[in-house]
Each structure stands twice: as structure tokens, then as C-alpha cells.
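So the structure is just underneath, and the comments pick up after that.
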Amino acid sequence: MPGSLCAMESASGTFRAGKQHSGSPLQDKHVVFFSWRDTFNPEGGGAERYLEKMALGLVERGARVTIFTASYDGAPADEVRDDIRYVRRGSKLSVYLRGLLCLALRTFGHFDVIVDVQNGLPFFTRLLSRKPVVVLVHHVHKEQWPVVYPGLTGKVGWWIESRLAPLLYRRCHYIAVSEATRAELTMLGVAGDRISVVRNGTDPVFPSDDQKTSHPSLCVVGRLVPHKQVEHAIDTAVSLSGIHPGLTLHVVGDGWWAPQLHHYAAARRATEIVSFEGHVSEERKQQIYAESWLMLLPSLKEGWGLVVGEAGAHGTPTIAYRSAGGTRESIKDQESGILVDSSVEMTNEVDKLIIDVERRHKLAAGARAMAEQHSWQVAQEDFAKTIQEY
């Protein structure tokens, strides 16, 4: 086996389950995740957070876990963190080929189950392994392909996701993060009885002295990519800044679309209104959630919307697009947040909520209550039950 290409490294001698649960159905079972990013990747987001939480849940139940993912600047090719082994190879696109190569070269040693994370494209692990494969899908990318990859590339990507993948994985079990995603998968031909729904959780909020700002403040949290449509949030902030003096918008996150967003804000003369925070620490992110009056989620598509619960735990309700899919489950419309159908409606709702303090406070209480209903512990248990069947 080539030494540097896909080597087992010394981790093979020390890699083990983090906690020993004698009698657990997952005891010493080795689960290999294939994902294009991990949580330490600068472009990592909610999907990667979900991945990490599910992996940790398996480790806590006695399993061994390996996460194969793409490399990035400064990332070690092989490392063990929290008893999870990370194997990083390839770039954003070549990671798929490198994953198959490592699978062919038996880089992961003996394993029992593969979790193939399909973010638009699957890893095609079914081609090289007869071991059980569980396909994890956050959402179907039908609307995103032409936005991110216009032309032929997007058409090929959608053909793979909508036609080839369901055929290749026709005997595999799926995990979706919402009923909306489950419904989308059934429309692609995946049998409903092969799809389990395991929703996102919300981390507990630690006591903080941070208070809501004295001026109207909005936030957007997530990767800066075209389909997140952060431009809509900038438009809202610009439209309302003349009506509500002092209004600010904090954009938290980073991504390859960031330069375009900076240019867009400058063109809208919004540089004094919009603050681009970039990739921030967890403490800073929590502070922004706590200080913001409202969070905007203008994404074209969301499997669930992890940030909705994170903001809600701080009493910050979210305004999002109903058509995004998973937002219809992570947000109780008019109770924990607001679902809208257009950018104009989003702006109008923000305007109303800035003025209507009582309604905003009711939504804040509803957002907290909603966040408390979804725990990672429940999600981890549901995920583990699916995996232990194999």
C-alpha cells in the first residue's frame, strides 16, 4: 500500500472507541463517514456540525468512527480528535475520487457500515463496497444546481443526484434531516420505507450577560455561497435603514462568494450598515445571536436550518423563506419565527417586528421553546438506532 497516498498511519495502533459500552449493539462496530467537509474546514457549516454530532453519538455508544473528508490549508492528513479518526484527502471536487481510491486500497481497514453523505453528489461508495451503506441527505439540490453551476455542469450534477444516485443506492437505507427532505427523496424514486428522519438538535446555551442591542440589529449566519442569498438580507437592511436609524446587519460566516457580497454591499452603499464578521469563534457567534433582534435566513434551500435553533436558544426569532423546505419544520410560523414567500415580504415583516415590540417578544419566547424541543441527545439516539441495524 502506498505510504503517503492513503496510508493508515500510526493511528491504526491507537484508534479505538472513545467509550466502552459492553453489550451495546454498536460496541466496536466501525462506521466510516464519507463527507466533502468536516467541522474544522473553514467552509464547514450546519451539515458538518450535524455530522460531527452524529459521529460523537456513535463513539459514546462504543463504536469506532472514521470520517473521510477533503483536505484544506493547514489540515493534517490524518488525526484523531475526540476518539474520531479523520482522514483528509483531495480538494472540494477530487475528494470523491480520492475517497474511492482509499476505499479500494483498504485505507480504513476493517469496517462494518458506510455513511455516504450526499451533498448534491454522493461518494459512489456502493460501487466498491458490499458493506451496508446508509445515505445521509440534508436536502435535494434541484434549485441549487443552476445557481451554483450554470449550464452543462449543473445539468450533469442534477442528473447524477436525481437519476443515477437513486438507482445506484436503490437497496440502501437513507437518513433525511426533515420530513421535507424525505418527501423530496420519495419524488426522486427512493421508497419511503427506506428513509428515516433524524432531525437536528440544538446546543444548550450557557448563561451570558449579552443583551439585545439598543438599536435594531439583524444577523445572517452561514456559509457565504450564492444559494444562501445573503443579498436579500442586505437589501432588507438597506431598505429599512432610512426608516429605522441605527439599524445594522451582521453577516457571520465565510465562503467563496464573500468577495461578491462585499462588492454588492458597496454598490448598495451599505458598508456602514453591514458588518462582515467572517469566520468567528463560537463565543462571538453566540454573542451576535444574543444581541440581535432578528435573524434572517434567505436561503434558497435548507434541509433543516441548524442556525434557526441556535438563534432561537438566545430568544432571537428567524424570518425565512417557506419554499426553503426544512424551515417549515424548524420554524413554527407566527409562533417561533416568520415564514415568508418573497424578499419584499421579508423586508415588510422585519419592519413590522422592529415596531411591534410585544409581538417580537412573543416570537422570542416561542423561538426559545422551539429550540428546547430539539436536543442532540435525541438525534444521536435516533441516528444510532438506524446504524446499529447494520
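Throughout, read-outs are computed from the coordinates displayed, never taken from laboratory work. All values derive from a computational prediction rather than experimental measurement. Heads up, the Cβs are rebuilt from the backbone with ideal geometry, glycines too, and the neighbour counts pull from every protein chain shown.
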* Debye intensity ratio in log₁₀ form over the Cα atoms of the range 217-373, taken at each q of 0.09, 0.19 Å⁻¹ -> -0.24, -1.19
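In what sequence do 115, 134 fall when counting other Cβ within 10 Å, fewest first? Each step should come with its number before you reach the end.
On the way: 115 26, 134 23.
In order of increasing Cβ crowding within 10 Å: 134, 115.
Tell me the net charge near residue 335. Cut-off is 12 Å between Cβ atoms, residue 335 excluded, with +1 for each Lys or Arg and -1 for each Asp or Glu.
Values: positive: 332, 359, 362, 368; negative: 333.
Result for the local shell: +3.
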* Asked: What is the spin-label model distance, in nm, from residue 188 to residue 333 if the labels are put 7 Å beyond Cα along the C-beta direction?
  -> 2.6 nm
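Please report, in debye to the nearest 20, how large the charge dipole of the range 217-373 is about its Cα centre when each Lys and Arg carries +1 at its beta carbon and each Asp and Glu carries -1 there. Present the calculation step by step, with values, prior to reporting the outcome.
Values: 15 positive and 20 negative charges, 23 e Å.
The calculated dipole for the range 217-373 is roughly 120 debye.
Which order do 91, 239 fall in if you start with the one that has the fewest other Cβ atoms within 10 Å?
So the ranking, lowest neighbour count to highest, is 91, 239.
From the convex hull of the Cα coordinates of the chain, what is the mean projected area in square nanometres? Show your work: numbers first, answer last.
Values: hull surface 77.0 nm².
Quarter of the Cα hull surface area: 19.3 nm².
Given the rule -39500 (n - 2.57) for each run of at least 4 DSSP H residues, summed and divided by the residues of the chain, what is its mean residue ellipticity at 222 nm, to the nearest 500 deg cm²/dmol?
Values: 15 runs with 140 residues, N = 390.
Helix contribution divided over all residues of the chain: -10500 deg cm²/dmol.
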* Structure fact -> Computed over the chain: longest principal axis from alpha-carbon atoms vs helix 343-355 long axis, angle to nearest 10 degrees, is 60 degrees
* Asked: When we measure straight from the Cα of residue 352, which lysines land under 28 angstrom away, once same-chain ones fewer than 8 places off are left out?
  -> 212, 228, 285, 301, 332, 362
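Net charge within 15 Å of residue 130 by Cβ-Cβ distance, Lys/Arg positive one each and Asp/Glu negative one each, not counting residue 130 itself? Intermediate results must be reported in sequence, preceding the final value.
Values: positive: 106, 126, 131, 170, 171; negative: 112, 116.
Once positives and negatives cancel, what remains is +3.
Taking the Cβ-Cβ separation of residue 94 and residue 322 as r and a Förster radius of 56 Å, what is the calculated FRET efficiency to the nearest 0.05?
E between residue 94 and residue 322, to the nearest 0.05, is 0.95.
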* In terms of Cα to Cα distance under 23 Å, which lysines are near enough to residue 29, apart from those fewer than 8 places away along the same chain? -> 19, 53, 131, 385
* **the range 217-373 - percent relative contact order, Cα under 8 Å, separation 6 or more** => 22 percent
